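Trainee: Below you'll find the structure I mean.
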Amino acid sequence: MNHFLDIHKTDPAALRHMITQAGDMKQARQGRPKGTPDDDQPLAGQMVALIFEKPSTRTRVSFDVGVRQMGGQTMLLSGQDMQLGHGETIADTARVLSRYVDMIMIRTFDENVLTEMAEYASVPVINGLTDRTHPCQIMADILTYEEHRGPIKGANVVWTGDGNNVCASFLHAAGQFGFNLTFTGPSQLDPEDEFIALARSKGVKIRIERDPAKAVENADLIVTDTWISMHDSQTARERRHNMLRPYQVDEVLMQGAKDDALFMHCLPAHREEEVTSGVMDGPQSVIFDEAENRLHAQKAIMRWCLGV
Ligand code: CP
Ligand code: NVA
C-alpha cells in the first residue's frame, strides 16, 4: 500500500512508472466512449472515497470517471456534510473510513489534514490539492509535456505569477524528473525557500528572475495559474492583481520563448487576468490535453497506491 501525498515524497522510479502506465492506458482507450470500462479492471470490487473541502470540477470528475473505468465504485463526500467538518478528529475519521473504503482521495486546506489522514488510515490516501501542493496536477502536466515534446528531462520550464501550491508541485517535479525551472513573479509571492532548496539539491537549475521577458528566453514550457487561489483571502484581491499584472502570459511573452514552446494552465483560468484568451486558445496551448490527462495520470496513481 502506498500513499500519494507529494511528488518529492514519491520515488522517481515509481513516478516514471506511473507516467508510462498512464500513457499506455490512455492509448488503450483511444476512440472508445468515455463510459466504457477498460479491458483490464484492476479496481473491480474496490470502493474509493472522494472528499472535497474545496470546490472542484476536474479533480472530482476525473477521479470519479477513472475509478469507474477501472471497475471500482466511488463515494463523493463534501467536508461540510461529514462529521469531520463539525469537530470529529481527522484521526478518527481516517480510522472509520478505512473500515468502509479501499482508498481515500482528499482535497483540503491545511496539509496537516492530509498527512494526519494518511497517518491514521489503513488504506492509501491521495492528495487532491492542499493550500501547499497539488501533485496530481503536475503528474498530468508531465504526461502532457512528454506527449507533445518527448522527455521533460533537461527542459526549461518557466512558472510566471504566484508561487502557489501548483508551482510548489512543479518545483518538486523539477527535482524528481530532472528539468530546470525559472520562477518569475513578485518577491512577495515567491515559492517557499524549502521547495527551491530541495529542487536545487537534486542538481537541477532553479532560477528566480523578476523580469518576465528575460525569464522566458529559451523556455520550452510556460506555465501560470490563477492570481487568487481558493485558500487566498479575497480582501487582498486588488493588491495581488496589481502585483501580478506584469506577469500575465500574453502573445508577446509567448513570442519571447522558443518557437515551439508550450503553454499550460491547470485551470480554472481567469481569462484576460493571468493569461489572455489569445494564448489560451492559441496554437501553443495544451490546456485541454492537460485537463484530459488528469484522468489518465490519476488512474496510474491509483493503481500504484493499491499495487494493482
Ligand atoms: N486543476 C484542478 O485541480 O481543477 P479543479 O479545481 O476543477 O479540480
Ligand atoms: N492554485 C489554485 C489551483 C486550483 C486547481 C487553487 O489552489 O485554487
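The values are calculated or read from the model by the stated rules, or taken from the named source; none is laboratory data. Fair warning: this is a prediction, and the values are worked out from it, not measured in the lab. Here Cβ is always computed from backbone atoms with ideal geometry, including for glycine, and neighbour counts include all displayed protein chains.
Trainee: Could you list, in sequence order, all residues of region 157-191 that are surrounded by fewer than 21 Cβ atoms within 10 Å (Cβ to Cβ), in contact (Cβ under 8 Å) with a residue 40 or more places away in the chain and outside any helix (DSSP H, G or I)?
Mentor: Passing the criteria: only 186.
Trainee: Right, here's the next one. Condition first: loosely packed, with under 15 Cβ neighbours inside 10 Å, outside any helix (DSSP H, G or I) and within 16 Å of ligand 2 (Cβ to nearest atom). Can you find one or more residues in region 105-123 that meet it?
Mentor: Yes, region 105-123 has at least one match.
One line per residue, one yes/no per condition, for (1) touching a residue at least 24 places away in the same chain (Cβ under 8 Å); (2) within 16 Å of ligand 2 (Cβ to nearest atom); (3) outside any helix (DSSP H, G or I):
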site	(1), (2), (3)
223	yes, yes, yes
226	yes, yes, yes
230	yes, yes, yes
237	no, yes, no
245	no, no, no
254	yes, no, no
269	yes, yes, yes
290	yes, yes, no
299	yes, no, no
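Trainee: Of all residues in region 225-253 being under 27 Å from residue 62 (Cβ atoms) and buried (at least 20 other Cβ atoms within 10 Å of the Cβ), which is farthest from the chain's Cα centre (by Cα)?
Mentor: Going through the qualifying residues, I end up with 249.
Trainee: Then there's this: Listed residues 75, 70; which is buried (at least 21 other Cβ atoms within 10 Å of the Cβ), modelled with pLDDT of 95 or more and of a type outside the set (D, E, K, R)?
Mentor: Unique residue meeting the criteria: 70.
Trainee: While we're looking at this one, here's another question. Could you list all residues from region 138-156 that are more than 16 Å from ligand 2 (Cβ to nearest atom) and either part of a strand (DSSP E or B) or within 14 Å of the chain's Cα centre (by Cα) (or both)?
Mentor: If the condition is that a residue be more than 16 Å from ligand 2 (Cβ to nearest atom) and either part of a strand (DSSP E or B) or within 14 Å of the chain's Cα centre (by Cα) (or both), then 142, 143, 145, 156 are the ones that fit.
Trainee: Hey, another quick one. Could you look through region 39-50, keep only residues that are in contact (Cβ under 8 Å) with a residue 60 or more places away in the chain and more than 16 Å from ligand 2 (Cβ to nearest atom), and pick out the one that is farthest from residue 80 (Cα to Cα)?
Mentor: Selected residue: 42.
Trainee: Here is a further query. Considering region 274-287 alone, what residues qualify as being within 16 Å of residue 184 (Cα to Cα) and part of a loop (DSSP other than H, G, I, E, B)?
Mentor: Hit for region 274-287 is 274, nothing else.
Trainee: Continuing with this model, one more query. May I ask you to say which residue of 50, 43 is crowded, with 20+ Cβ neighbours inside 10 Å, within 16 Å of ligand 1 (Cβ to nearest atom) and not hydroxyl-bearing (Ser, Thr, Tyr)?
Mentor: Answer to the selection: 50.
Trainee: Quick check: anything in region 86-104 within 16 Å of ligand 1 (Cβ to nearest atom), modelled with pLDDT of 95 or more, buried (at least 23 other Cβ atoms within 10 Å of the Cβ) and among the β-branched types (Val, Ile, Thr)?
Mentor: Within region 86-104, none of the residues are within 16 Å of ligand 1 (Cβ to nearest atom), modelled with pLDDT of 95 or more, buried (at least 23 other Cβ atoms within 10 Å of the Cβ) and among the β-branched types (Val, Ile, Thr).
Trainee: Of the numbered conditions (1) part of a loop (DSSP other than H, G, I, E, B); (2) aliphatic (A, V, I, L, M); (3) within 15 Å of ligand 2 (Cβ to nearest atom); (4) within 18 Å of residue 126 (Cβ to Cβ), residue 308 fails exactly one; give the number of that condition.
Mentor: All conditions are met except number (3).
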